[in-house]
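Peer 1: After the structure tokens below, expect a handful of questions from me.
The values are calculated or read from the model by the stated rules, or taken from the named source; none is laboratory data. Every value quoted in this text rests on a predicted model; they were computed, and no experiment measured them. Quick reminder, even Gly has a Cβ in these numbers, built from the backbone with ideal geometry, and neighbours come from all protein chains shown.
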Amino acid sequence: MKGDAVSLTEAEAGVLSHINADTIAMLTASLVEASSENPGGTEGAAVDVLQKACRSAGFTVSTHDVASERPNLVATLPAGDGPGLMVLGHSDVVPAGPGWTSDPYRPRFADGRIYGRGTTDMKGGLAAAVIAMQALSHASAYGAELSGPVQLVCTVDEEEHGIGVRDFVTRRPEHSFAGCIVAEPTDLTVVRGCRGASYIEIDITGRAAHSGRPADGRNAIEAAASIVDLIRFDHQQLAMDADDLLGSGTWNVGTIEGGQGISVVAPTCHLGIDRRLMPEEDPHAIAERLRAAIRESAIDTDGVTVDVRVTMEMPGFATAADHPLVTTTVSAVTDGGRATSVGGWSAACDGGFVHRDLGIPAIVFGPGDIHAEAHQPDESVLIADLESAARAYALTALRLLR
């Protein structure tokens, strides 16, 4: 869809005039400088920067320590009593890792981009949301009254186990919300559905014996291989019933550890498995079906035991293509002068919890490209895309919260 920067009311144009690309870029840079690598549990420094920016903009701000130095933040632009708009993000970033051509936590500006760990995933999106909300605080001066609040929710630990969003949904927000925009990097595509993710870990216990007479033992690695065959078969079956938006659920055996030595029948083996989830799929039900298949295949008999457990889950979601949150965001992007499209996302995000546990319709929309730029050396984001995202957030709020 081509955007032509048309169809803006006088009030909308007035609000958007308060969005400045340089301001977003500088806030992004400040957030990047506040390293918040995960693992590490150091999101507090980045949240301090975000909190100061939100308080300076006049928002109501609260924080809650999910763990030591790991605070969730909720910043609210108060408005009417009707349903509001939530913007969701996370403060943690993956470790910088090797291969950088400059210090990953000293932001560098070049070729219209900001370089540094977290610029794309997702401190640029957080900065765009703050500046959009700051612009919206001027709406009444242009005769535009918001019917509900706009709220930024920034959680910890999204890149690992999701303890931040799990804590947030159990506390439940005070307001009701017409929708949630997850400000993850989608290259300014309006993503109306995401697969979820889960980790399933399997421990197989056999019995050690001398390899010269393997029949005396029970080989845990051989049992693991049979389980991998079951997983491979199910993966192929899932692919035969792919969804047009999100494809299908997938299995990936990511780690395998086992054995005691080459001359010993392996007494133990461990499998670490990633199972991507379609919306409404329950990883615990999936694990139970796998246990049943293992029993039916007689893998866990005659001295072999198998333990299957879910160690992480992040639900998926899908929002209808004609939902006002989707259509309003699309018009906001295109009327703001940028091209966009509507699609699904192969990645998972915290939006699934908000959709499943709070019943809030969700989309994902933000600056940067998760595949080309995130989690890589010399991560960067286009400053022009930061501005476009902020304009889209502000316009969506103005139109959704009439």
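Peer 1: Tell me the residue from Gly366, Gly351, Gly344 that is small (Gly, Ala, Ser), touching a Leu at 6+ places or on another chain (Cβ under 7 Å) and surrounded by 21 or more Cβ atoms within 10 Å (Cβ to Cβ), please.
Peer 2: Of the residues listed, the single one that is small (Gly, Ala, Ser), touching a Leu at 6+ places or on another chain (Cβ under 7 Å) and surrounded by 21 or more Cβ atoms within 10 Å (Cβ to Cβ) is Gly351.
Peer 1: Just checking: which of the helices (runs of 4 or more DSSP H) contained wholly in region 1-84 hold 1 or more residues that are hydrophobic (A, V, I, L, M, F, W, C) and under 22 Å from the mean Cα position of the chain (by Cα)?
Peer 2: Helices (runs of 4 or more DSSP H) meeting the threshold: 21-33, 44-56.
Peer 1: Only one of these conditions is not met by Ala298: (1) on the phi > 0 side of the Ramachandran plot; (2) buried (at least 17 other Cβ atoms within 10 Å of the Cβ); (3) of a type outside the set (D, E, K, R). Which number is it?
Peer 2: Only one criterion in (1) on the phi > 0 side of the Ramachandran plot; (2) buried (at least 17 other Cβ atoms within 10 Å of the Cβ); (3) of a type outside the set (D, E, K, R) is unmet by Ala298, namely (2).
Peer 1: Here is a list: Arg232, Arg218. Which entry is over 24 Å from Glu313 (Cβ atoms) and of a type in the set (Lys, Arg)?
Peer 2: Testing whether each residue is over 24 Å from Glu313 (Cβ atoms) and of a type in the set (Lys, Arg) leaves just Arg218.
Peer 1: When the residues of region 320-337 are filtered to those that are at pLDDT 95 or above and in a loop (DSSP other than H, G, I, E, B), which remaining residue is surrounded by the fewest Cβ atoms within 10 Å (Cβ to Cβ)?
Peer 2: Among those that are at pLDDT 95 or above and in a loop (DSSP other than H, G, I, E, B), it is Asp322.
Peer 1: May I ask you to list the residues in region 329-349 that are over 15 Å from Pro367 (Cβ atoms) and over 22 Å from the mean Cα position of the chain (by Cα)?
Peer 2: Correct list: Ser331, Thr334, Asp335.
Peer 1: Check off (1) part of a loop (DSSP other than H, G, I, E, B); (2) surrounded by fewer than 23 Cβ atoms within 10 Å (Cβ to Cβ) for Arg289 and give me the number that stays unchecked.
Peer 2: (1)
Peer 1: I need the full set of residues from region 58-105 which are surrounded by fewer than 23 Cβ atoms within 10 Å (Cβ to Cβ), closer than 19 Å to His375 by Cβ and touching a helix residue (DSSP H, G or I) at 6+ places or on another chain (Cβ under 7 Å), in order please.
Peer 2: Of everything in region 58-105, just one residue is surrounded by fewer than 23 Cβ atoms within 10 Å (Cβ to Cβ), closer than 19 Å to His375 by Cβ and touching a helix residue (DSSP H, G or I) at 6+ places or on another chain (Cβ under 7 Å), namely Tyr105.
Peer 1: Restricting to region 188-247, name every residue that is over 30 Å from Gly366 (Cβ atoms), free of Cβ contacts under 8 Å to residues at least 24 places away in the same chain, among the hydrophobic types (A, V, I, L, M, F, W, C) and outside any helix (DSSP H, G or I).
Peer 2: If the condition is that a residue be over 30 Å from Gly366 (Cβ atoms), free of Cβ contacts under 8 Å to residues at least 24 places away in the same chain, among the hydrophobic types (A, V, I, L, M, F, W, C) and outside any helix (DSSP H, G or I), then Met240 is the only one that fits.
Peer 1: On to the next question. Quick one: which residue in Asp65, Asp92, Asp22, Asp48 is acidic (Asp, Glu) and within 15 Å of Ala128 (Cβ to Cβ)?
Peer 2: None of the others qualify; the one that does is Asp22.
Peer 1: A further question follows. Of all residues being assigned to a loop (DSSP other than H, G, I, E, B) and in contact with a His (Cβ under 6 Å, 6 or more places away or on another chain) in region 138-177, which is modelled with the lowest pLDDT? Just the residue, please. Talk me through it step by step, then tell me what you get.
Peer 2: As a first pass, look at region 138-177 and keep what is assigned to a loop (DSSP other than H, G, I, E, B): 138, 143-149, 156-162, 172-176.
Narrowing the set further to residues that are in contact with a His (Cβ under 6 Å, 6 or more places away or on another chain) leaves 138, 149, 158.
Values: His138: 97, Pro149: 98, Glu158: 94.
So the residue we want is Glu158.
Peer 1: Then there's this: Considering only region 370-391, state which residues are out of contact with any helix residue (DSSP H, G or I) (no Cβ under 7 Å at 6 or more places or on another chain) and outside any helix (DSSP H, G or I).
Peer 2: Correct list: His371, Ala372, Gln376, Pro377, Asp378, Leu382.
Peer 1: Check off (1) more than 21 Å from Val165 (Cβ to Cβ); (2) outside the structural domain of Ala266 (by TED's automatic domain parsing) for Gly344 and give me the number that stays unchecked.
Peer 2: The number of the failed condition is (1).
Peer 1: Okay, moving on. Sort out which residues of region 240-264 are more than 28 Å from Gly212 (Cα to Cα), touching a strand residue (DSSP E or B) at 6+ places or on another chain (Cβ under 9 Å) and of a type in the set (D, E, K, R), and write them in order of number.
Peer 2: Asp243, Asp244
Peer 1: On to the next question. Quick test for you: out of Val228, Val264, Val253, pick the one residue that is surrounded by 17 or more Cβ atoms within 10 Å (Cβ to Cβ) and among the aliphatic types (A, V, I, L, M).
Peer 2: After applying the criteria, what remains is Val253.
Peer 1: Could you list, in sequence order, the residues of region 171-185 that are out of contact with any Asp or Glu (no Cβ under 8 Å at 6 or more places or on another chain) and touching a residue at least 24 places away in the same chain (Cβ under 8 Å)?
Peer 2: Arg171, Arg172, Pro173, His175, Ser176, Phe177, Ala178, Gly179, Cys180, Ile181, Ala183
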